[in-house]
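Here the structure comes first, spelled out in structure tokens, and everything after it is commentary.
The values are calculated or read from the model by the stated rules, or taken from the named source; none is laboratory data. Computed from a predicted structure; not experimentally measured. So basically every Cβ, Gly included, is an ideal-geometry build from the backbone, and we count neighbours across all protein chains shown.
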Ligand SMILES: NC(=O)c1ccc[n+]([C@@H]2O[C@H](COP(=O)([O-])OP(=O)(O)OC[C@H]3O[C@@H](n4cnc5c(N)ncnc54)[C@H](O)[C@@H]3O)[C@@H](O)[C@H]2O)c1
């Protein structure tokens, strides 16, 4: 598969292009407006066709698909242009700057009859994926509730506080991930506290179609130097705990043990726990970018895949806008 890639910035360079290049694809052409960075990236991956204008890259002959990690406004514009040319797309989140952008992309993908996949890689982080598989196995029973925390540090310009980037780039993940564990979101409430300009903390309540409820805490008041993410998924006498997207514990229904002299650890009832071995010399990507891209490549090739689609993107953008409206009230 020959891929044309737009955006050679921090995220593409650190996470996406290395994972893409490790798979059975050719990065055929690259585009960025930052010429030194574009040339550096082209050298790294041996790409000869480079473009400063995304429309020229989209017009490059012989491409099978387009990938992009640029930004909200560019995703909407370049996505529309690539679909107009009949090319399937992988696009980082967010799929546009607004829900209306995402809806336009969804309609363009329908018209073109081509898949448009979105970079909701948290679904693929190993702890989250294991938890989802436990739920899908049927052994967990009904998901009743989710509590979660997904924090970051202040992302604003002093004197000109603007949380738009925080909502579009950070919060959008948690308008997708909880639904992946439960079912589509049907209602949202939120309340917030601020600790000075740009220092925001809010609790978001979600209601799901399956009847489950969630409380998610997000904000800009924690350091990015330590873990900022934790999820608990509660069922009836069952609980899944996911720390830092990679460590997972499945708690079930063990008997009291303190006074049982013959107590053992019972594989059918006691907690099961797992975390990755970071000392293994294996090119694993526990955060999920590699697993996401494997699934995305299946979809781009027209094969069955569970990669997140623009329909998922529209849902997340809809509830993201509802969240902002609720907090602004
Ligand atoms: N899923 C994730 O975990 C994750 C993590 C980080 C970033 N992202 C997403 O990836 C996207 C990029 O983020 P980033 O941190 O790499 O940003 P960045 O600013 O480092 O990279 C963007 C790149 O796009 C280039 N660019 C800007 N306008 C362009 C244009 N008109 N034509 C061609 N190139 C253009 C810039 O020069 C830059 O190199 C964002 O949408 C962000 O939300 C996702």
*asked:* Take the residues in the range 59-83 that are closer than 12 Å to residue 28 by Cβ and touching a residue at least 24 places away in the same chain (Cβ under 8 Å); name whichever of them is surrounded by the most Cβ atoms within 10 Å (Cβ to Cβ).
replied: 66
*asked:* If I go through the range 307-329 residue by residue, how many of them are within 22 Å of residue 12 (Cα to Cα) and surrounded by fewer than 20 Cβ atoms within 10 Å (Cβ to Cβ)?
replied: 1
*Taking residue 143 as the residue in question, decide whether it is more than 15 Å from the ligand (Cβ to nearest atom), in contact with a helix residue (DSSP H, G or I) (Cβ under 8 Å, 6 or more places away or on another chain), under 30 Å from residue 252 (Cβ atoms) and modelled with pLDDT of 95 or more.*
yes
*Could you please let me know if residue 238 is surrounded by 13 or more Cβ atoms within 10 Å (Cβ to Cβ) and touching a strand residue (DSSP E or B) at 6+ places or on another chain (Cβ under 6 Å)?*
no
*asked:* Out of the residues in the range 100-116 meeting the condition of being within 24 Å of residue 12 (Cα to Cα) and either within 12 Å of the ligand (Cβ to nearest atom) or assigned to a helix (DSSP H, G or I) (or both), tell me which one is farthest from the chain's Cα centre (by Cα).
replied: 109
*Does at least one position in the range 84-91 carry a residue that is within 23 Å of the chain's Cα centre (by Cα), crowded, with 18+ Cβ neighbours inside 10 Å, modelled with pLDDT of 95 or more and over 22 Å from residue 318 (Cβ atoms)?*
yes
_Against the definition (part of a loop (DSSP other than H, G, I, E, B) and in contact with a helix residue (DSSP H, G or I) (Cβ under 9 Å, 6 or more places away or on another chain)), how does residue 96 come out, yes or no?_
yes
*Run residue 250 past the list (1) touching a residue at least 60 places away in the same chain (Cβ under 8 Å); (2) farther than 20 Å from residue 136 by Cα; (3) over 16 Å from the mean Cα position of the chain (by Cα); (4) surrounded by 10 or more Cβ atoms within 10 Å (Cβ to Cβ) and report the number of the one that doesn't hold.*
(2)
*From 14, 35, 22, residue being in contact (Cβ under 8 Å) with a residue 40 or more places away in the chain and exposed (fewer than 14 other Cβ atoms within 10 Å of the Cβ)*: 22
*Enumeration of residues in the range 1-11 that are within 15 Å of the ligand (Cβ to nearest atom) and surrounded by fewer than 19 Cβ atoms within 10 Å (Cβ to Cβ)*: 9, 10, 11
*Kindly indicate whether any position in the range 129-137 is away from the ligand (no atom under 16 Å from the Cβ), closer than 21 Å to residue 303 by Cβ and surrounded by fewer than 17 Cβ atoms within 10 Å (Cβ to Cβ).*
yes
*If you check residue 162 against the conditions, is it loosely packed, with under 14 Cβ neighbours inside 10 Å and within 16 Å of the ligand (Cβ to nearest atom)?*
yes
